[in-house]
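One structure is given here, and the rest of the page talks about it.
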Amino acid sequence: MDHFQYRHGILHAEDVSIPDIAAAIGTPFYCYSAATMTRHYNVLTGSLDGTGAKVCYAVKANSNQAVIRTMVELGAGADVISGGELTRALAAGASPDDVVFAGPGKTRDELAQALAIGIYQFNVESEQELRLLNAVAVEMGKVAPVSIRVNPDVDAGTHEKITTGRKQNKFGIPIDRAMDIFALGAELPGVAMLGVAVHIGSQITDLAPFEESFDRALGLVDELRAAGHDIRRCNLGGGLGIPYGGETPPPPEEYGRMVKRMTANRQLDLVLEPGRVLVGNAGILVARVVYEKHEGRRFIIIDAAMNDLIRPAMYDSWHDIVPVVEAAPDAPMTEADVVGPICESGDTLAKGRPMPPLAPNDLIAVRSAGAYGAVMASTYNSRPLVAEVMVRGDQYAVIRPRQTIDDLIALDQPPPWQQAELE
Ligand SMILES: *Cc1c(COP(=O)(O)O)cnc(C)c1O
């Protein structure tokens, strides 16, 4: 359920008409619905009621300050993957006590930054990282709270580029090496070995791989406890999928029931790191038709492109694309490729998609663009980053102004030997 619905034939975000926003700020733009984010957060946390689980929003899904802030106000912590995300999460009001730091390549500076702040947990992904974290913590007179991210060798059944829990993936420590790593950690004075973490991928649409990975993680907790380690935490990762089109991911209620069943009476502090499921369907990308071309095939050329939303090009992902002015029920639908202006054939947002008649300047909306949309945008083809808007009830606000081409050029710096010529 989301709050992007037609009213009298015009697409609205909550109570705000999309054409009104387009008239005020131009296109393309991302539009997020605060009510949709709130609803998704409440459904997920409701399903975990009684578990005491800490829900750390995976900031990488959408790291606009207003989005992180919305999550923080709802009670979420933050799952961060870089020092930059850590700074962003804190700037948006996240409490250090609710921050989990994951990722296989944390640098010394990033570890030191997080140690100085005093975060809830480091999810450590290699022996070298554990040793470096220990060394930095000892230097700083701190003890780092650690969970070891294990790689359970489970196939999440998702796209190749976002599966992370198979042994050939770069993430985590192979689960059969975990005992040795915990034994090592127990000897290191700068780390407290508190828990086990798993995260097997993203856009997972089946409960079975989650269940398998949780089962392996919890089995490891039992083994570690039997070996005398004081394991108190288990971090179950994120990855729950959303319906973009035909998918039928498990409803959060079912996911929550499974988590409850598997972790009951285990005396573990749980952490979850959902990203996409909270924000994915809470955002759309609004664009305008520039041209339409019928040369054997129907091409709808819009003013948004792969640099604005790379998911179709990168993950072969399917996004619903709808006209902002609802098509008449009897409008003829003909197959079209919806493409951007970038000079690459990969700049295709939809292929062979039944679309109603559209004319230049008509608005269209690419749905389910709230996660891994704006955050993955680039300025390829010297296309400035698009505006982002958040709606709440009958109000909206620009939460990131559209970049200008002057902003973009100003980021470049001429070498000294060219400055004279430019002046
Ligand atoms: C990306 C990521 C997440 C969030 O994944 P979603 O599919 O957006 O829920 C959670 N944890 C880690 C470690 C991640 O890398």
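Ranking of LYS60, LYS170 by solvent-accessible surface, largest first: LYS170, LYS60 (1.4 Å probe, protein heavy atoms only, all chains present).
State in Å² the accessible area per residue of the chain; use a 1.4 Å probe, count heavy atoms of protein chains only, and round to the nearest integer. Please report the intermediate quantities before stating the final value.
Details: 18190 Å² over 423 residues.
With all protein chains present, the chain gives 43 Å² per residue.
Rounded to the nearest 20 Debye, what is the dipole magnitude of the chain about its Cα centre when Lys and Arg each give +1 and Asp and Glu each give -1 at the C-beta?
Details: 37 positive and 54 negative charges, 116 e Å.
So the dipole magnitude of the chain works out to roughly 560 debye.
Taking the C-alpha atoms only, the angle from helix 178-187 to the longest principal axis of the chain is near 60 degrees. The alpha carbon centroids of region 239-313 and region 384-423 are separated by 27 Å.
May I ask for the angle, rounded to the nearest 10°, between helix 207-226 and the longest principal axis of the chain, with both axes built from Cα atoms and the value confined to 0 to 90°? The angle comes out near 20 degrees. Here the chain has 51 percent of its accessible surface on carbon and sulfur atoms, given a 1.4 Å probe and all protein chains in place.
Could you work out the helix-only [θ] at 222 nm for the chain, with each DSSP H run of four or more residues adding -39,500 (n - 2.57) and the total divided by the number of residues, to the nearest 500 deg cm²/dmol? Each step should come with its number before you reach the end.
Numbers: 13 runs with 129 residues, N = 423.
About -9000 deg cm²/dmol.
Going by accessible area, probe 1.4 Å, with all protein chains left in place, what is the ranking of MET333, MET193, MET37, MET140, largest first? Before the final figure, lay out the partial values.
Working: MET333 110, MET193 25, MET37 0, MET140 70 Å².
Final ranking, largest accessible area leading: MET333, MET140, MET193, MET37.
A 1.4 Å probe, protein heavy atoms only, puts the accessible area of CYS343 near 120 Å².
Compared with the dominant Cα axis of the chain, that is its longest principal axis, helix 108-117 is turned about 80°. Non-local lysine pairs in the chain, meaning eight or more places apart or on different chains, with alpha-carbon distances under 23 Å, amount to 12. Dipole of region 258-409 computed with +1 at Lys/Arg Cβ and -1 at Asp/Glu Cβ about the Cα centre; of ASN265, VAL289, PRO329, farthest Cα towards the positive end is ASN265. Were the residues from ASN381 through LEU207 laid out at 0.36 nm apart, the gain over their Cα-Cα distance would be 58.6 nm. Comparing THR45, THR404, ALA13 along the charge dipole axis of the chain, the residue lying farthest to the positive side is THR45, per the Cβ-charge model.
The values are calculated or read from the model by the stated rules, or taken from the named source; none is laboratory data. Given the structure is predicted, the values throughout are model-derived calculations rather than measurements. Note that we place each Cβ from the backbone using ideal geometry, even for glycine, and neighbour counts take in every protein chain shown. Calculation scope for accessible area: heavy atoms of the full protein, side chains included, ligands and nucleic acids excluded. Shrake-Rupley method; radii C 1.70, N 1.55, O 1.52, S 1.80 Å.
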